[in-house]
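One structure is given here, and the rest of the page talks about it.
The values are calculated or read from the model by the stated rules, or taken from the named source; none is laboratory data. Being a predicted model, the structure only gives us computed values, none of them experimental. Because the Cβ atoms are built from the backbone with ideal geometry, glycine has one as well, and the counts that use them run over all protein chains shown. With ligands, DNA and RNA removed, areas are computed over all heavy atoms of the protein, side chains included. Shrake-Rupley method; radii C 1.70, N 1.55, O 1.52, S 1.80 Å.
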Amino acid sequence: MSDAAEIKYGLAGVIADETAISKVMPETNSLTYRGYAVEELCAHCDFEQTAYLLLHGELPDAEQLVAFAGAERARRVLPWKVQQSIMMSAADAHPMDVLRTAVSVLGAEDARAAGDDLARVIDLYARIPTIVAMDYRRRRGEEPIAPRGDLGFSANFFFMCFGEIPAREVLKCFDISMILYAEHSFNASTFTARTVTSTTSDVYSAVVAAIGALKGALHGGANEAVMHMMLEIGEAEAVGPWLERALADGRKIMGFGHRVYRNGDSRVPTMMEAFRAMAALKGAVRWVEMAERLADAMLKAKNIHPNLDFPTGPAYYLMGFDIAMFTPMFVMSRIAGWGAHVLEQKANNKLIRPLSAYVGPPQRRIAG
Ligand code: COA
C-alpha cells in the first residue's frame, strides 16, 4: 500500500489541535491542569476547586467557589423522566449503559431549556453522581437516597450510595481519584466529545458519545478490569506464577501501559499513596502488597509501568463500591475535562474530519 507510510494508526503521535486545558509531558512523566501539576492540586485543593479550574481556567477565590459549589448543589436532583429511565433499566444492565442512557434522557429533557453550554456542563457535573448512586441502589434493590445540600461533592456521593459519610482518609482518597481522573488532554473519550462538538451538535450528545468511548477496557473500563484481575490472582504470593501464565497466554495486563507515558504515569504515585493510607485504615494491606508485587513483576517482565486505573480499581473496591460502577465513577470526574474541551472546541471550531487510505477493490462495474 503506497500510502501506508503516511498512516498514523490510532492517530498515534498526531497533534490534532491546540489546547490550553492540560499538558501531558511524557519526558518528565508529568501532567498539569491549566499549568498546575496534578500532585500539587491533590495536596492543596479538592475536586470542586479542580473542576472549577478546568472549566474556568483559574482556581476559584472563596466567593467564586461558594457560587460554583452552590450551583452544583442546586442541580443535583434528577428530572422525573431521568429517574424513570434508571429505575426501568434491565436488572443486569451495565451501569455505564444506564448512565449513557440517563444522560441522553437528560439531554432530551433539557432541549427546550434556557442556559448556555457552561450551565449544561455544570448540570451534568451535578447530576451524573446522582444517576450513578441511584443506579447503584437500584441494582441492590434499595430505595434511592436524596442528595444532601449541606455536603460537598465527594461526601454527598458517598451519602447517596451508602447513607453515611466515610472516614476522612477514605473521603480524601476518593477526592484525589476524582482530581486525577478529571482531565488528560486528547484521550479517546475527550477526542470523541470534541469530534461530536465539531459538528455543532449539543453538549449532551458529546457527553453520551464520550461515555461510550470511555466504557471500553482499553480506556476507562480498565479500572473495572483491574479489580477483576486482582480477584482472579487472589493473593500476593500468587502474583509471580499468575503473571507468567498470563503473559505466556498473550494476555494484556489491565492497568498497565499507556499510549503517551512510556516510563510511568505521573498520577500513579499520588494515587498509590492515598490507596496505601486507606488500605491501612481498613486493615486491608494485602491488596496493596498484591498491587506492589504485580507492578514490580510487570516492570521486570515487560518494562511496562502501571497507569492510574491500576490503583483506583482496588481503592474503589475497598471503599465498598461494586466493580461495575468504577467506570461510571470515572465519568463523574472526567465530565469536568470533557466539559472544558467542549467549550474550547466551540470557541475555535473546525469540523474534525480526517482522511483514510482506501484499500478496497479498484473501481469496477456491476456485471450484466
Ligand atoms: N499488558 C501486556 N502487554 C502490554 C500491555 C499490557 N497492559 N500494554 C502494552 N503491552 C505491550 C503490547 O503487547 C505491545 O507489545 P508488542 O510490541 O510486543 O506487540 C507493546 O506493549 C505496545 O502496546 P500497544 O498496545 O501497541 O500500545 P498502545 O499505545 O496502542 O496501547 C494501551 C496503550 C493503554 C491501550 C495498552 O497499554 C493497554 O491495552 N493496556 C491495558 C489496558 C489499560 O490499562 N488501559 C488504560 C489506559 S489509561
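Values as computed for the structure displayed
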read-out: Among the residues listed as GLU63, GLU39, GLU48, GLU72, the single one being in a helix (DSSP H, G or I), of a type in the set (Asp, Glu), farther than 17 Å from ASN156 by Cβ and touching a residue at least 40 places away in the same chain (Cβ under 8 Å); value: GLU39
read-out: Residue match in region 334-344 (condition: touching a residue at least 24 places away in the same chain (Cβ under 8 Å) and not in a helix (DSSP H, G or I)); value: no
read-out: All positions within region 27-36 that are part of a loop (DSSP other than H, G, I, E, B) and either at positive phi or open to solvent by less than 40 Å² (accessible area, probe 1.4 Å) (or both); value: ASN29, ARG34, GLY35
read-out: Some residue of region 281-288 being more than 15 Å from the ligand (Cβ to nearest atom) and closer than 28 Å to SER30 by Cβ; value: yes
read-out: Output for region 177-189, where each listed residue is farther than 14 Å from LEU11 by Cα and open to solvent by less than 10 Å² (accessible area, probe 1.4 Å); value: SER177, MET178, ILE179, LEU180, TYR181, ALA182, GLU183
read-out: Residues (part of a loop (DSSP other than H, G, I, E, B) and near the ligand (Cβ under 10 Å from one of its atoms)) located in region 220-240; value: GLY220, GLY221
read-out: Verdict on LEU214 being within 12 Å of the ligand (Cβ to nearest atom), over 18 Å from the mean Cα position of the chain (by Cα), open to solvent by less than 50 Å² (accessible area, probe 1.4 Å) and in contact (Cβ under 8 Å) with a residue 24 or more places away in the chain; value: no
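Here's the yes/no breakdown for (1) touching a residue at least 40 places away in the same chain (Cβ under 8 Å); (2) near the ligand (Cβ under 10 Å from one of its atoms); (3) part of a helix (DSSP H, G or I); (4) within 19 Å of MET298 (Cα to Cα):
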position: ARG194; (1), (2), (3), (4): yes, no, yes, no
position: LEU218; (1), (2), (3), (4): no, yes, no, yes
position: TRP242; (1), (2), (3), (4): no, no, yes, yes
position: LEU247; (1), (2), (3), (4): yes, yes, yes, yes
position: ILE253; (1), (2), (3), (4): yes, yes, no, yes
position: GLY264; (1), (2), (3), (4): yes, no, no, yes
